[in-house]
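Below is one structure, written out as structure tokens; the observations come after it.
The values are calculated or read from the model by the stated rules, or taken from the named source; none is laboratory data. This structure is a prediction, so every number in the text was calculated from the model and none was measured. Ideal geometry is used to build each Cβ from the backbone, glycine not excepted, and the neighbour counts take in all protein chains shown. Just so you know, the surface numbers come from the protein's heavy atoms only, side chains and all, with ligands and any DNA or RNA stripped out. Shrake-Rupley method; radii C 1.70, N 1.55, O 1.52, S 1.80 Å.
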Amino acid sequence: MPEKAKKIIIVGGVAAGATAAARIRRLDENAEIILLERGPYVSFANCGLPYHIAGTIEKRSKLLLQTPEGFFSRYRVQVLLNTEAVDIDRTNRKVTVRDNKAPNPEQALSTIDYDALILAQGGTPIIPPLPGVDQSHVFKLWTIPDMDAINKYIKEHQPKHVVVVGGGFIGLETAEAFVERGLSVTIVELTDHLMPPMDLLYGKRIQERFEAAGATVLVKKGVQSIQKDKVTLNDGSEIPADMVLLSVGVRPNTELAKKAGLEIGNTGALVVDEYLKTQDPYIWAAGDMVEVVSRISGAKVRIPLAGPANRQGRIAATNVVASLSEARGEVGPIPLKYKGAIGTSVVKIFDETAASTGFSLAAARKAGFDAKETTILKAHHATYYPGDQDLLLTLVYEAKTGKLLGAQAYGKEGVEKRIDATAVTIYAQLTVENLTEIDFAYAPPYSSANDPLNMAAFTAMNALSGYSNQISADELPLDGSVLILDVRTYGEYAKGHLADAIHIPLDEIRDRLEEIPHDKPIHIISEGGFEGHLANRILTQQGYQDTAYISGGWATLRLRDGLAIEA
């Protein structure tokens, strides 16, 4: 008699689970695959939810990537919707499931045996225990029903004032959607800047764009309570709010794993090995619920992003089939290792883009690296070709070795491609010196002969070698201990400058050296950093001993708190 077909249960759909199911079928035509999804949709584009609220994605159906019928037709995967796994009997390899649509509790529970189990339960938005969070005008955005509820509420109640609590990815994308819908939007963020995974400079650039679109942004503020028509903050102030969106973070769904006695790591997520296997030899896991290795620091971290979740689903599926094949003496696929993630992300901010990869400067230092940064403001393509846009770009690197640790960028064009390229260099463990040598595609409509990434790497190498010293905007002393030299043009200077700065345009420095004393360190302000480097080289060769220019120039310095700026 032929052996019984392998029975594989996948708990959770959407990214990791649905990907795993399809991969298993491609590897094993005979396996019995059952996918359990506690919600009403097996596979949907959760990253697209804010864009349907905004109206950018007009058809709701576009977000539904696969149906149970479609899954069965193409992959012969049995999908059980509204079915929740509530217990795992690891000894007998059985899953107890509850049919959330069953008419009575007695009919709700049943068991399914398995040969292998993949947990792909993702995460759940954190709902802070605040007074008023259970009211009908308070929402989260994580699933299709969440999105439907928001759209229905806007249509039926026509709210005017919405408060978005949390300035991360989902909060910002949904805040933008509300602005596009004509609502008055206030974003409340507990930390000192929007998009906390990025450095302060980028959070402030994002804040400026939201404020330019008419939104109000409040940082270093928390919500104390939610009332019917307002929100009370932790400083006692009140904000009108006839609609509230909570987006303060996501926790991994590990309740089932904990109940089954599987190990939970210090990150709060499920522990898996490099093959995405739990300590149970018949259970694998993937997606937002697992902790992974940072490819930069080697530490265990959580990186709840769609890209890593999809790849983990593919790898877990491969290793399940490989393990079951080996156990039966069959030839199966070669097992795959998941070697960790870098953490690369991008977010649309109206007509602008913010993106990052790896560590921010703050995160690198928190992880124990002796890290430095270099920031430039450059045109995203040749300035003589029409349509060039400013690109703000930061490289974070290890001070001693020059090894790249991260990058951030902001602008209207060319942002994500620079971050993607840097992600590859970080993956390959390259240095800023290597980045100076990489040939990037060049034609005037797309870049410059030296790409902004090359230019940023040049500035980092100049700093590492001591050829041209630089400091970050936050490192500029404001106590009078240094001479601040502003070398911008008269027009640039007139738009805003530090009250205590000496202004000598770059092209006049050689003729006005007598105005620059030698008795203090000199720190140089330029518009985007490059002219500061030029001024620094002039002064160094003219005998000035202690000089440095500000990385990113006025583009970064103007966003520093506590400056006395005159115009």
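Normalising the Debye intensity of segment 359-512 to I(0), with uniform scatterers on Cα atoms only, and taking log10 at q = 0.17, 0.18, 0.19 Å⁻¹ returns -1.10, -1.18, -1.24. Annotation: amide H-H contacts under 5 Å for Gln224 (H modelled 1.01 Å from N, sequence separation of 5 or more, or interchain): Thr232, Leu233, Asn234.
At q = 0.17, 0.23, 0.31 Å⁻¹, what log₁₀ I(q)/I(0) does segment 339-382 have when each alpha carbon counts as one equal point scatterer in the Debye sum? Scattering profile of segment 339-382, log10 relative to I(0): -0.71, -1.01, -1.11.
What angle, in degrees between 0 and 90 and rounded to the nearest 10, separates the Cα long axis of helix 530-541 from the longest principal axis of the Cα atoms of the chain? Compared with the principal axis, the helix lies near 50 degrees.
At 0.890 mPa s and 25 °C, plugging the Kirkwood radius over alpha-carbon pairs of segment 44-121 into Stokes-Einstein gives what diffusion coefficient in µm²/s? Provide the component values of the computation, followed by the final result.
On the way: Rh = 15.2 Å.
The estimated diffusion coefficient comes to 161 µm²/s.
Roll a 1.4 Å probe over the protein chains and send me the accessible area per residue for segment 134-187 in Å². Could you put the intermediate results ahead of the total?
Values: 2210 Å² over 54 residues.
Here the residues of segment 134-187 average 41 Å² of exposed surface.
Each helix, a run of at least 4 DSSP H residues, gives -39500 (n - 2.57); summed and divided by the residues of the chain, these come to -8000 deg cm²/dmol at 222 nm.
Order Thr96, Thr56, Thr394, most accessible first, counting only protein heavy atoms with a 1.4 angstrom probe. Could you put the intermediate results ahead of the total?
Details: Thr96 35, Thr56 105, Thr394 5 Å².
Greatest to least solvent exposure: Thr56, Thr96, Thr394.
The local environment of Gly480, defined by Cβ-Cβ distances under 11 Å, has a net charge of -1 under the rule Lys, Arg +1 and Asp, Glu -1. In the chain, a dipole from Cβ-located charges (positive for Lys and Arg, negative for Asp and Glu) runs towards its positive end, and of Ile10, Tyr410, Tyr51 it is Ile10 whose Cα lies farthest in that direction. When the GluC sites (Glu not before Pro) in segment 1-46 are filtered for DSSP coil states and for at most 12 other beta-carbon atoms within 10 Å of their beta-carbon, the remaining sites are Glu3, Glu29. From the residues Gly562, Ile419, Asn434, which one has its Cα farthest along the dipole of segment 412-567 in the positive direction, the dipole being from +1 and -1 charges on Cβ of Lys/Arg and Asp/Glu about the Cα centre? Sorting the options by dipole projection puts first Ile419. Segment 512-543 and segment 395-450 have Cα centres lying 27 Å from one another.
Each residue, Gln541 and Lys412, gets one label point 7 Å from its Cα in the Cβ direction; the gap between the two is 3.6 nm.
Evaluated with a Cβ-only charge set (Lys, Arg +1; Asp, Glu -1), segment 249-338 carries a dipole of roughly 240 debye about its Cα centre, given to the nearest 20.
Sort 419-430, 507-518 for me by packing, meaning the mean count of neighbouring Cβ atoms within 10 Å per residue, highest on top. Each step should come with its number before you reach the end.
Details: 419-430: 18.4, 507-518: 12.3.
Answer by packing, highest mean first, reads 419-430, 507-518.
Rolled with a 1.4 Å probe across the full set of protein chains, the surface gives Glu84 an accessible area near 50 Å². About its Cα centre, segment 1-113 has a charge dipole of approximately 320 debye under the convention of +1 per Lys or Arg Cβ and -1 per Asp or Glu Cβ, with nothing else charged.
Could you work out how much longer the chain between Lys339 and Lys520 gets when fully extended? Use 0.36 nm per residue separation minus the Cα distance between them, nm to one decimal. Present the calculation step by step, with values, prior to reporting the outcome.
Values: separation 181, 0.36 × 181 = 65.16 nm, distance 4.99 nm.
Full extension of this stretch gives 60.2 nm more.
Of all beta bridges that DSSP places with both ends in the chain, some 55 percent have antiparallel geometry.
Determine the alpha carbon to alpha carbon distance for each of Lys6/Lys300; Lys7/Lys339; Lys4/Lys94; Lys7/Lys94; Lys378/Lys400 and list only those over 22 Å. Display every interim value, and only then the final one.
Values: Lys6/Lys300 32 Å; Lys7/Lys339 27 Å; Lys4/Lys94 17 Å; Lys7/Lys94 11 Å; Lys378/Lys400 26 Å.
Over 22 Å apart, Cα to Cα: Lys6/Lys300; Lys7/Lys339; Lys378/Lys400.
So what's segment 253-293 giving for Cα Rg divided by 2.2 N^0.38 Å, two decimals?
Normalised Cα radius of gyration, segment 253-293: 0.99.
The separation of segment 95-158 from segment 277-337, counted between C-alpha centres, amounts to 26 Å.
Between the Cα long axis of helix 144-157 and the first principal axis of the chain there is an angle of about 70°, rounded to the nearest 10.
Compared with the dominant principal axis of the Cα atoms in the chain, helix 452-465 is inclined by about 60°.
Each residue was assigned an accessible area with a 1.4 Å probe, and for Leu435 the value is about 0 Å².
Note on the chain: Rg/Rh from Cα positions, Kirkwood definition for Rh, rounded to two decimals, is 1.03.
Kirkwood hydrodynamic radius of segment 49-171 from all distinct Cα pairs, in Å? Walk me through the intermediate numbers first.
Values: mean 1/r = 0.0552 Å⁻¹.
Radius from the Kirkwood sum: 18.1 Å.
Count charges around Lys412 for me, please; just the other residues with Cβ under 12 Å from its Cβ, Lys/Arg as +1, Asp/Glu as -1.
Result for the neighbourhood of Lys412: -3.
What is the extension gain from Leu513 to Ala428, computed as 0.36 nm multiplied by their sequence separation minus the C-alpha to C-alpha distance, in nm to one decimal?
26.0 nm
Can you work out the accessible area per residue across segment 365-447, with the rest of the protein chains kept in place, probe 1.4 Å, in square angstrom? It would help to have the intermediate numbers written out before the result.
Numbers: 3990 Å² over 83 residues.
Solvent-accessible surface per residue comes out at 48 Å².
Since only Val487, Thr353, Gln207 are under comparison, the one whose Cα sits farthest along the positive direction of the charge dipole of the chain, derived from C-beta charges on Lys, Arg, Asp and Glu, is Thr353.
Once neighbouring chains are kept in place and the probe is 1.4 Å, which whole percent of the accessible area of the chain is contributed by carbon and sulfur? Roughly 50 percent, rounded to a whole number.
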